[in-house]
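See below for the structure under consideration.
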Amino acid sequence: MSDIVRLLSVDNEIAEFRERRARFVMSGLESLGLDSPLIRGTRLTDYALANEVAVHLRDSIAENRGDEGDLITAAQQNLKIGAEALTSVASIEAVRCPGLAEDTCMFSEGVTVESPSLVEQELLGRAVQVLERTGTLRCFSDSVGVVAVLGTAEPGAPTATWATGGLPYVVHLHLLPRPELIARDLIHEATHTHLNDWLASRDIRLDPVTPVYWSPWKDSKRPLFGFTHSIMAFSVVTAFLATVMADSGTDQSWLRVFHDAERDRLRSCAESVTSALSMLPDELSSNLSDVYTLATA
């Protein structure tokens with residue numbers, strides 16, 4: 001078992017936490033009369049869609065937008081739209097949601113949800129093949145149920161990828177023209193979703209507000225929560241790129257520039273990493289230290 005696979009494996013604590021979370025979300029929706037096969041489903045995609053609806057219902061009720069009947073009708077429509085738009089690409093369930101801002105949910109007002117184009121499906125399918133070859137597909141599919149595709153990036157254009165704890169099992173990203181880079185971004189975001197669940201399953205709350213640890217990706221100090229996420233995600237990505245380059249089937253030497261850039265950034269914040277590790281629970285500190293050492297070797 002590789003260090004990446006070991007780090008991103010779903011243990012009993014995470015599995016039990018996810019079951020409790022799913023029961024909570026689904027029972028809440030059922031109490032409002034949202035009786036849908038998706039709500040009763042057990043796949044990550046089912047939960048992702050149900051939780052998306054729950055988020056919008058919660059926000060709408062809190063802000064007194066519309067009466068309960070109208071909200072339930074809108075929620076039922078969102079479930080239907082999301083389910084119809086999902087397209088299976090190997091083990092990836094993808095929808096296309098162009099124009100989203102970071103931390104915005106899939107069904108945000110004014111955003112069209114549709115199936116990815118054939119070109120986007122092909123790129124995602126080839127990215128899945130990269131994950132399969134490197135033995136990391138399970139690391140992705142265990143923590144991500146839906147990929148919300150923001151579009152295919154033009155060379156040199158700005159891109160975005162993100163995951164948010166408020167919408168588990170969903171990642172948002174622009175597709176890049178190289179499947180290896182898409183696979184990199186998928187693993188990056190899967191690491192964030194896994195870490196969020198690891199922390200939540202143990203009821204661990206890292207400081208989200210006090211900037212202490214210098215981050216080369218932000219060129220500023222970050223709180224423990226954000227810094228830990230960055231170090232884990234970029235360490236996993238750097239180790240993953242090394243694995244892709246070691247693939248004997250094809251010449252992947254062009255990835256060296258991406259690998260070396262991330263390794264150098266990781267090395268540049270070694271002092272902050274050492275300080276942050278001392279503040280983390282023992283198990284997390286040990287796991288993060290291992291993958292950081294692997295990535296910076």
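The values are calculated or read from the model by the stated rules, or taken from the named source; none is laboratory data. As the structure is a computational prediction, the values presented were derived from the model and not from experiment. Here Cβ is always computed from backbone atoms with ideal geometry, including for glycine, and neighbour counts include all displayed protein chains. To get the accessible areas, we keep the full protein, side chains included, count just its heavy atoms, and leave off ligands, DNA and RNA. Shrake-Rupley method; radii C 1.70, N 1.55, O 1.52, S 1.80 Å.
Observations on the model:
- Residue within segment 178-198 that is touching a residue at least 12 places away in the same chain (Cβ under 8 Å), among the aromatic types (Phe, Trp, Tyr) and assigned to a helix (DSSP H, G or I) present: yes
- ARG205 being basic (Lys, Arg) and in a loop (DSSP other than H, G, I, E, B): yes
- Segment 37-51 - residue that is assigned to a helix (DSSP H, G or I) and out of contact with any Gly (no Cβ under 7 Å at 6 or more places or on another chain) and, of those, nearest to TRP198 (Cα to Cα): ASN51
- Being under 15 Å from VAL171 (Cα atoms) and among the aliphatic types (A, V, I, L, M) is a property that holds for VAL149.
- Out of ALA85, ALA54, ALA101, ALA74, sole residue that is among the aliphatic types (A, V, I, L, M), out of contact with any Gly (no Cβ under 7 Å at 6 or more places or on another chain) and farther than 24 Å from GLY151 by Cα: ALA74
- Count of residues meeting criterion [in a helix (DSSP H, G or I) and touching a residue at least 12 places away in the same chain (Cβ under 8 Å)] in segment 257-270: 9
- Qualifying residue in segment 184-204 (condition: touching a Lys or Arg at 6+ places or on another chain (Cβ under 7 Å) and open to solvent by less than 60 Å² (accessible area, probe 1.4 Å)): yes
- For segment 139-151, the criterion of being of a type outside the set (Ser, Thr, Tyr), over 18 Å from the mean Cα position of the chain (by Cα) and farther than 30 Å from PHE24 by Cα is met by none of the residues.
- Segment 242-288 - residue that is among the hydroxyl-bearing types (Ser, Thr, Tyr) and within 25 Å of ARG222 (Cβ to Cβ) and, of those, surrounded by the fewest Cβ atoms within 10 Å (Cβ to Cβ): SER278
Here's the yes/no breakdown for (1) modelled with pLDDT of 90 or more; (2) among the aromatic types (Phe, Trp, Tyr); (3) assigned to a helix (DSSP H, G or I):
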residue	(1), (2), (3)
VAL25	yes, no, yes
ASP35	no, no, no
VAL53	yes, no, yes
ARG58	no, no, yes
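- Candidates GLU19, GLU13, filtered to the one that is assigned to a helix (DSSP H, G or I), touching a Lys or Arg at 6+ places or on another chain (Cβ under 8 Å), over 26 Å from PRO116 (Cα atoms) and open to solvent by 50 Å² or more (accessible area, probe 1.4 Å): GLU13
- Just one of the listed residues (GLY110, GLY69) is of a type outside the set (Asp, Glu), over 20 Å from VAL149 (Cβ atoms) and more than 17 Å from the chain's Cα centre (by Cα), and it is GLY69.
- Number of the condition not met by PRO211 [criteria: (1) more than 23 Å from THR238 (Cα to Cα); (2) of a type outside the set (D, E, K, R); (3) open to solvent by less than 10 Å² (accessible area, probe 1.4 Å); (4) at pLDDT 95 or above]: (3)
- Selection status of GLU93, within 22 Å of LEU167 (Cβ to Cβ) and at pLDDT 90 or above: yes
- Pairs with Cβ under 8 Å, 6+ apart, first in segment 279-295 and under 18 Å from PHE225 (Cβ atoms), second exposed (fewer than 14 other Cβ atoms within 10 Å of the Cβ) and aliphatic (A, V, I, L, M): PRO281/ILE204; LEU284/ILE204
- Index of the failed condition, VAL237 passing every other in (1) surrounded by fewer than 14 Cβ atoms within 10 Å (Cβ to Cβ); (2) aliphatic (A, V, I, L, M); (3) modelled with pLDDT of 95 or more: (1)
- Failed condition for ASN64, given (1) free of Cβ contacts under 8 Å to residues at least 24 places away in the same chain; (2) in contact with a helix residue (DSSP H, G or I) (Cβ under 6 Å, 6 or more places away or on another chain): (2)
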